[in-house]
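Each remark here refers to the structure printed beneath this line.
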Amino acid sequence: MAAEKILKDKARVERLAFVMLILGATAIAFAPIFVRVSEVGPVATAFYRMTLAVPALGLWLYWGKSGRDEPALSRREYLRLALAGFFFAGDMSLWHFSIHYTTVANATLLANLAPIFVTLFGYVLFQTRFTGLFLGGMALAILGAVTLMGDSLQLSRQSFIGDLLGVATAVFYASYIMAVGRLRSRLATRVIMFWSTLFCAAFLLPLTWMSGEAWTPETLNGWWVLIGLALTAQVFGQGLIAYALAHLPVAFSSVSLLFQPVIAALAAWLLFGEALGPLQGVGALVVLMGVALARVGSIKKPDA
């Protein structure tokens, strides 16, 4: 009876974590919308996303203690948090740079190939075994993402550098997801979010300076856009994803994040009137089917 209760409690926690993961993916799907209307350059926008999120995450870090006496972070933990921040800074900057050398559709799709690298790294580095159903679901979700992009995709020699940067973006985001997943086994979500975001902002600072982009918005509305990006995508979106990574397999979580381009396409259709035809609808359904299959394939059956 006790074992059965533990299994039920674990299943309940995993269901809640999955809901949090989808909500987090929905929140970060609006990041491109904020970037599009931002009054500063894309790299500077990424820098402000991190910097303006730090005060809110700092309040969460302080008030989340609730009077508990928590041990100080070790030097190794600080290094791992800095590494997570470095990976996320690489993801942010490379994706923004890739847009300059290839199409937005190519850059977005290639950045969403992160599940492939999460699965590959998990197998090579940690000897993680994956079921055929999970791998089939991942392939189906990626196929859906390709279909969702539809006619926007372009392959040419001129865009090769940008496409390569898009693939590098996926590698960095996969590394970030895996780093946070490993940290969540020892540290609270608020600790990881505060320190990794702070380190990420520090890494983005020199990149923003080298980009030569405008540093400050011209209007008050421009500042509200940056604050909205920080709270929506970083504090809320990435915070929920970090929480979910403590309770769900990292590889499955990365596949579930392919839900993000579905929401992004719907948001662009509603807000900017971008075309969303039958092909994009089919792609969205295929993504959802792939995520569902990957979820079934990643559930571990209890020993008899």
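The values are calculated or read from the model by the stated rules, or taken from the named source; none is laboratory data. Being a predicted model, the structure only gives us computed values, none of them experimental. Positions of Cβ are backbone-derived with ideal geometry, glycine not excepted, and every protein chain shown enters the neighbour counts. Protein only, heavy atoms only, side chains kept; ligands, DNA and RNA dropped before computing areas. Shrake-Rupley method; radii C 1.70, N 1.55, O 1.52, S 1.80 Å.
Of the residues that sit in the stretch 88-103 and are under 26 Å from Ser196 (Cα atoms) and in contact with a Leu (Cβ under 7 Å, 6 or more places away or on another chain), which one is modelled with the lowest pLDDT? The residue in question is Phe97. The single residue among Leu285, Leu220 that is without any contact (Cβ under 8 Å) to a residue 60 or more places away in the chain, surrounded by fewer than 16 Cβ atoms within 10 Å (Cβ to Cβ) and out of contact with any His (no Cβ under 6 Å at 6 or more places or on another chain) turns out to be Leu220. Checking every residue in the stretch 90-106 against the condition of being farther than 15 Å from Thr208 by Cα, in contact with a Phe, Trp or Tyr (Cβ under 7 Å, 6 or more places away or on another chain) and open to solvent by less than 40 Å² (accessible area, probe 1.4 Å) gives zero matches.
Confirm whether Met210 is surrounded by 18 or more Cβ atoms within 10 Å (Cβ to Cβ) and either touching a strand residue (DSSP E or B) at 6+ places or on another chain (Cβ under 7 Å) or at negative phi (or both).
Details: surrounded by 18 or more Cβ atoms within 10 Å (Cβ to Cβ): no; either touching a strand residue (DSSP E or B) at 6+ places or on another chain (Cβ under 7 Å) or at negative phi (or both): yes.
For Met210, the condition - surrounded by 18 or more Cβ atoms within 10 Å (Cβ to Cβ) and either touching a strand residue (DSSP E or B) at 6+ places or on another chain (Cβ under 7 Å) or at negative phi (or both) - is not met.
Would you mind stating whether Val118 is within 20 Å of the chain's Cα centre (by Cα), over 22 Å from Ala201 (Cβ atoms) and β-branched (Val, Ile, Thr)? It is true that Val118 is within 20 Å of the chain's Cα centre (by Cα), over 22 Å from Ala201 (Cβ atoms) and β-branched (Val, Ile, Thr).
Scanning the stretch 107-134 for residues that are open to solvent by less than 10 Å² (accessible area, probe 1.4 Å) and closer than 19 Å to Ile263 by Cα yields Ala107, Ala114, Pro115. Name the residue that is farthest from Tyr173 (Cα to Cα), counting only residues in the stretch 104-143 that are polar (S, T, N, Q) and modelled with pLDDT of 80 or more. This residue is Thr131.
Of the listed requirements (1) open to solvent by less than 10 Å² (accessible area, probe 1.4 Å); (2) closer than 30 Å to Gly136 by Cβ; (3) aliphatic (A, V, I, L, M), Leu240 misses just one: (1).
Per-residue answers, yes or no, for (1) in contact with a Phe, Trp or Tyr (Cβ under 6 Å, 6 or more places away or on another chain); (2) in a helix (DSSP H, G or I); (3) over 14 Å from Arg49 (Cα atoms); (4) not charged (D, E, K, R):
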{"residue": "Leu204", "(1), (2), (3), (4)": "yes, yes, no, yes"}
{"residue": "Glu213", "(1), (2), (3), (4)": "no, no, yes, no"}
{"residue": "Asn221", "(1), (2), (3), (4)": "no, yes, yes, yes"}
{"residue": "Gln234", "(1), (2), (3), (4)": "no, yes, no, yes"}
{"residue": "Tyr243", "(1), (2), (3), (4)": "no, yes, yes, yes"}
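The listed residues are Pro249, Pro261, and the only one of them that is at pLDDT below 75 and crowded, with 18+ Cβ neighbours inside 10 Å turns out to be Pro261.
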